[in-house]
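First the structure, then my questions, so here it is.
The values are calculated or read from the model by the stated rules, or taken from the named source; none is laboratory data. None of the values given here were measured: they were computed from a predicted structure. In this analysis, Cβ positions are derived from the backbone assuming ideal geometry, glycine residues included, and neighbour counts consider all displayed protein chains.
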Ligand code: SF4
């Protein structure tokens, strides 16, 4: 599996109010410039508004979620208005479209679109029992358990944004490389190419995944592919930290050392140490590793996604 740079925009769903369309219950929007001006450089944004789609109109009476026999979406001022089934049916109906998407950006706190911040109220009072997903978002997660999801507001933070981009790139790569031919050999190739990037996100889970893929005959090919994809997406959902990245960079250097002079080895090791201490950016280390990469004849290190252009280098992590 060769490292491939991004050459075309990746289809990603988004709550429609986040692109600036006035579809909120009060006729307003919640435009996110991070989404429409920055992420749109690499994402082809597909807007969806579940509440408008089920015919609630704009403006409309607000709804909220109550904990009853189950979680229900009812009118905030008219509990007799129950749109629970309508919202879930809508998510079911558009599932074939969402299957073509490689991520979904959801509006926080919404009874339909929130991912983890939506209040779940007591059925008979104003108290909040918990915070969690809105009904549309929860149904999406049931249909597509590995689809990268994120809330609009959290994408204002550059580390969360970088993490979401990394997950979308990985999910997209999986659909291009493995999905059309999900034989175990290709699943293992995919894991191998992601190995050092995964290490940078979570060392322990990556080692466990390494053990898991070594016993490929324990499951059917379809189950094996599903399980590996799920574990990869779970590992990537952890934010990469400097310590784990340093470890992954040192592993990468280990594959190149035999092709470097003593001075070059020392210079590269010092650069990685400077990165570990926060004195040099990641891009400086990656640039030097890539510079030495052609000296190695070994496919494993050439295939490492860790050494491909990362989101910060694509200019997608800084936004003012
Ligand atoms: S949060 Fe979702 S349902 Fe509410 S206005 Fe935005 S897109 Fe529509």
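Among 35, 17, which is the only one that is near the ligand (Cβ under 7 Å from one of its atoms), under 26 Å from residue 159 (Cβ atoms) and either outside any strand (DSSP E or B) or in contact (Cβ under 8 Å) with a residue 24 or more places away in the chain (or both)?
That would be 17, the only listed residue that is near the ligand (Cβ under 7 Å from one of its atoms), under 26 Å from residue 159 (Cβ atoms) and either outside any strand (DSSP E or B) or in contact (Cβ under 8 Å) with a residue 24 or more places away in the chain (or both).
Collect the residues in the stretch 38-51 that are touching a helix residue (DSSP H, G or I) at 6+ places or on another chain (Cβ under 7 Å) and near the ligand (Cβ under 8 Å from one of its atoms), keeping them in residue-number order.
47, 48, 49, 50
Which residue out of 23, 12 is under 22 Å from residue 175 (Cα atoms) and surrounded by 21 or more Cβ atoms within 10 Å (Cβ to Cβ)?
Going through 23, 12 in turn, just one is under 22 Å from residue 175 (Cα atoms) and surrounded by 21 or more Cβ atoms within 10 Å (Cβ to Cβ): 12.
Considering each of 225, 240 in turn, give the residue that is free of Cβ contacts under 8 Å to residues at least 60 places away in the same chain and in the same structural domain as residue 179 (by TED's automatic domain parsing).
Criteria check complete, one pass: 225.
I've got another one for you. Check off (1) farther than 25 Å from residue 122 by Cα; (2) assigned to a loop (DSSP other than H, G, I, E, B); (3) away from the ligand (no atom under 11 Å from the Cβ) for residue 28 and give me the number that stays unchecked.
Tallying (1) farther than 25 Å from residue 122 by Cα; (2) assigned to a loop (DSSP other than H, G, I, E, B); (3) away from the ligand (no atom under 11 Å from the Cβ), residue 28 fails exactly one: (3).
What pairs can you find where one residue is in the stretch 161-174 and in contact (Cβ under 8 Å) with a residue 60 or more places away in the chain, the other is part of a helix (DSSP H, G or I), and their Cβ atoms are less than 6 Å apart, with a gap of 6+ or different chains?
Partner pairs satisfying both residue conditions: 161/155; 166/236; 167/236; 170/236.
Given 84, 118, 128, which one is in contact (Cβ under 8 Å) with a residue 24 or more places away in the chain and surrounded by fewer than 20 Cβ atoms within 10 Å (Cβ to Cβ)?
On inspection, the qualifying residue turns out to be 84.
Cβ-Cβ distance below 8 Å, separation of 6 or more or different chains: which pairs start in the stretch 175-194 with a residue that is assigned by TED's automatic domain parsing to the domain that holds residue 219 and end on one that is assigned to a loop (DSSP other than H, G, I, E, B) and surrounded by fewer than 17 Cβ atoms within 10 Å (Cβ to Cβ)?
Hits for this filter: 193/3.
Tally up the residues in the stretch 228-262 that are more than 17 Å from the chain's Cα centre (by Cα) and part of a helix (DSSP H, G or I), please.
Looking only at the stretch 228-262, we keep the residues that are more than 17 Å from the chain's Cα centre (by Cα), and these are 242-262.
Okay, now just the ones that are also part of a helix (DSSP H, G or I), so 242-259, 262.
Of the residues in the stretch 228-262, 19 are more than 17 Å from the chain's Cα centre (by Cα) and part of a helix (DSSP H, G or I).
Which one of the conditions (1) free of Cβ contacts under 8 Å to residues at least 40 places away in the same chain; (2) in contact with a strand residue (DSSP E or B) (Cβ under 6 Å, 6 or more places away or on another chain); (3) within 16 Å of the ligand (Cβ to nearest atom); (4) not in a loop (DSSP other than H, G, I, E, B) does residue 73 fail to meet, given that it meets all the rest?
Every listed condition holds for residue 73 apart from (1).
Conditions: (1) within 15 Å of the chain's Cα centre (by Cα); (2) part of a helix (DSSP H, G or I); (3) away from the ligand (no atom under 16 Å from the Cβ). Residue 154 meets all but one. Number of the miss?
With (1) within 15 Å of the chain's Cα centre (by Cα); (2) part of a helix (DSSP H, G or I); (3) away from the ligand (no atom under 16 Å from the Cβ) applied to residue 154, the lone miss is (3).
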